[in-house]
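Please treat every number below as a calculation from the coordinates, not as lab data. Being a predicted model, the structure only gives us computed values, none of them experimental. Here Cβ is always computed from backbone atoms with ideal geometry, including for glycine, and neighbour counts include all displayed protein chains.
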Amino acid sequence: MSRVIRWVEAWARYYTRELSPTVAVDRRAELASDLFEHAAAEGTPAAILSRAIRGIPADLAWRHEERRAVRRLVPMERRVVGGLIGWMVGIAASSLLAFGIFSIAITIQFVVRGEIRPFSATAVTVLCLTIAVGCGVVLLLRRRTRALGALWLAPTSLLIHFGLSDLYSKSQTVARLSSEFLGWGIMSVLTMVAISLVFLAAAVLWVPARKDAR
Amino acid sequence: MPRRKAGAILPLEVSILEHGLQSETFYGFGLARAIADSDSGLTAHGTLYKALSRMTAAGLLAAEWEAPELAEAEGRPRRRLYRVTGEGQRTLATSQVPQRIAVSTSVSLA
């Protein structure tokens, strides 16, 4: 019996996660009372489990409605800014990751052809930063860890600097742009700063949301 | 899933209001037992508490936690007590009008 009750309570903890704390606590307490009364009224474990399982679709529908209600409480401006920042972070993080992978792929090509030695300091830095960006992207995927992910990604915009340095000797396009386009250096620095600021802004914006969700 | 018409209530909600009016207050498990269906047994947790939550939000029911001393004295968790509001009574009365018309029509046709 106690195992079934623990399972039902675990299910309740699962579907009430990230809801308003008052609503979540009320639902769990009400269910705990129901389970106690049902067990005291000589309800069998099968009967209790059956009630829980039959109610799963309604539990999920209720959760969906409650989450929508919580979202509606967030002011429109904050939702728009949040959505915009979310998109910018997504684009910046995936672009950084793609750039890092591209740089590594070019380096591997040159190493395979025997044109460069495999572990130059710049190439290793690019590899480490790309892995760091990958970790940041994974952190961004979960609501609970996205603030940490955004904070983690802020310094990884250095990948642009090291990636371009690494590509300078391997890509004619990069070599030509950096030598012929006067604003190239400033533009790459500004891009790094802008990307870092986007990540920092997202981290600041998402930290309170993470607290609310608890 | 089609959206429900404003003011429309489900058969389960009618049952809740009908049973709720039989006593001053009621609580989840007691209600589940009172409206238990002989075929499928007690109403599922999710179905019952979702309905109670929706009805409370709609103002058909009022909810409050019972005093902790009472629950402690009886050695059980606190119950969330519901009572049918005036709005709940009006909604129930409105929902029963079409049924009464249908019954009286079928009687007069017979």
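Can you give the average number of partner chain beta-carbon atoms within 10 Å of each beta-carbon in peptide B:48-55, as a whole number? List each step's numbers first, then the result.
Details: counts 6, 10, 11, 2, 1, 7, 2, 0.
Mean inter-chain Cβ contacts per residue within 10 Å come to 5.
Efficiency by 1/(1 + (r/R0)^6): what FRET value for residue B:94 and residue A:145, r their Cβ-Cβ distance, R0 = 51 Å, to the nearest 0.05?
The value I calculate is 0.55.
How charged is the neighbourhood of residue A:38? Take every other residue with its Cβ under 12 Å from the Cβ of residue A:38, and add Lys/Arg as +1 and Asp/Glu as -1. Could you put the intermediate results ahead of the total?
Values: positive: A:51, B:33, B:76; negative: A:34, A:37, A:42.
Taking every other residue near residue A:38 into account, the sum is 0.
What is the extension gain from residue A:131 to residue A:170, computed as 0.36 nm multiplied by their sequence separation minus the C-alpha to C-alpha distance, in nm to one decimal?
Working: separation 39, 0.36 × 39 = 14.04 nm, distance 2.12 nm.
Result for the pair: 11.9 nm of gain on full extension.
Let me know the mean shielding of A:22-32 by other chains, meaning the per-residue number of their Cβ atoms within 10 Å of its Cβ.
On the way: counts 0, 1, 0, 0, 5, 5, 0, 5, 14, 8, 3.
Average neighbour count from other chains, rounded to a whole number: 4.
Residues of segment A:154-177 with the amide nitrogen closer than 17 Å to a label point 7 Å from the Cα of residue A:110, along Cα-to-Cβ, please.
Residues A:159-177 fall inside that zone.
Kindly provide the Kirkwood hydrodynamic radius of the protein assembly as shown in Å, to one decimal, from all pairs of distinct alpha carbon atoms. Provide the component values of the computation, followed by the final result.
Details: mean 1/r = 0.0403 Å⁻¹.
It works out to 24.8 Å.
Quick check: Cα centre of segment A:116-136 to Cα centre of segment A:139-160, how many Å?
Distance between centres, Cα-based: 17 Å.
Using a simple charge model, +1 on the beta-carbon of Lys and Arg, -1 on the beta-carbon of Asp and Glu, nothing else, what dipole does segment A:75-214 show about its Cα centre, in debye to the nearest 20?
Working: 13 positive and 5 negative charges, 132 e Å.
Around 640 debye, computed over segment A:75-214.
Please state the shape class of segment A:59-101: rounded when a/c is under 1.5, otherwise prolate if a/b exceeds b/c and oblate if not, all from the C-alpha gyration tensor.
Working: a/c = 7.84, a/b = 1.99, b/c = 3.95.
It comes out oblate by the Cα gyration axes.
Once both labels are modelled 7 Å past Cα along the beta-carbon direction, what's the residue A:181-residue B:57 spacing in nm?
The answer from the label model is 5.2 nm.
Could you work out Rg/(2.2 N^0.38 Å) for segment A:76-213, with Rg from alpha carbons only? Each step should come with its number before you reach the end.
Details: Rg = 16.8 Å, N = 138, 2.2 N^0.38 = 14.3 Å.
With N residues counted in segment A:76-213, Rg over 2.2 N^0.38 Å equals 1.17.
Specify the inter-centroid distance of segment A:189-207 and segment A:69-114, based on alpha-carbon positions, in whole Å.
First find each Cα centre; the distance between them is then 11 Å.
What is the average number of partner chain Cβ atoms found within 10 Å of a Cβ in A:45-58? The partial results should precede the final answer.
On the way: counts 0, 0, 2, 2, 0, 4, 11, 3, 3, 8, 8, 4, 4, 9.
Whole-number average of other-chain Cβ neighbours for A:45-58 is 4.
Nearest 10 degrees, 0 to 90: what angle lies between the long axis of helix A:56-73 and the longest principal axis of chain A (Cα atoms)?
60 degrees
Per residue, how big is the convex hull around the C-alpha atoms of segment A:1-98? Give it to me in cubic angstrom, could you?
Numbers: hull volume 12.5 nm³, N = 98.
Normalising the Cα hull of segment A:1-98 by residue number yields 127 Å³.
Please arrange A:65, B:13, B:72 by how many other C-beta atoms lie within 10 Å of their C-beta, fewest to most.
Details: A:65 14, B:13 21, B:72 11.
Result, fewest neighbours first: B:72, A:65, B:13.
For segment A:86-99, just list the computed ³J(HN,Hα) in residue order, Karplus coefficients 6.51, -1.76 and 1.60, θ = phi - 60°, integers in Hz, with x standing in for Gly and Pro.
Taking θ as phi minus 60°, the curve returns x, 4, 5, 5, x, 5, 5, 5, 5, 5, 4, 4, 4, 5 Hz for segment A:86-99.
Sort A:157-164, A:138-145 by packing, meaning the average of other beta carbons within 10 Å per residue, with the highest value first. Working shown, then result.
Working: A:157-164: 21.1, A:138-145: 14.5.
So the peptides A:157-164, A:138-145, ranked by packing, come out A:157-164, A:138-145.
For segment A:122-208, calculate the relative contact order in percent as a whole number, restricting contacts to Cα pairs under 8 Å that are 6 or more residues apart. Walk me through the numbers before you get to the answer.
Values: 82 pairs, mean separation 31.5, N = 87.
Relative contact order for segment A:122-208 comes out at 36 percent.
Give the residue from B:10, A:33, A:186 lying farthest towards the positive end of the charge dipole for the protein assembly as shown; charges sit on Cβ (+1 for Lys and Arg, -1 for Asp and Glu) and the dipole is referred to the Cα centre.
A:186
Order A:71-80, A:106-115, B:75-84 from most to least packed using the mean count of other Cβ atoms within 10 Å.
On the way: A:71-80: 9.8, A:106-115: 13.1, B:75-84: 18.4.
Answer by packing, highest mean first, reads B:75-84, A:106-115, A:71-80.
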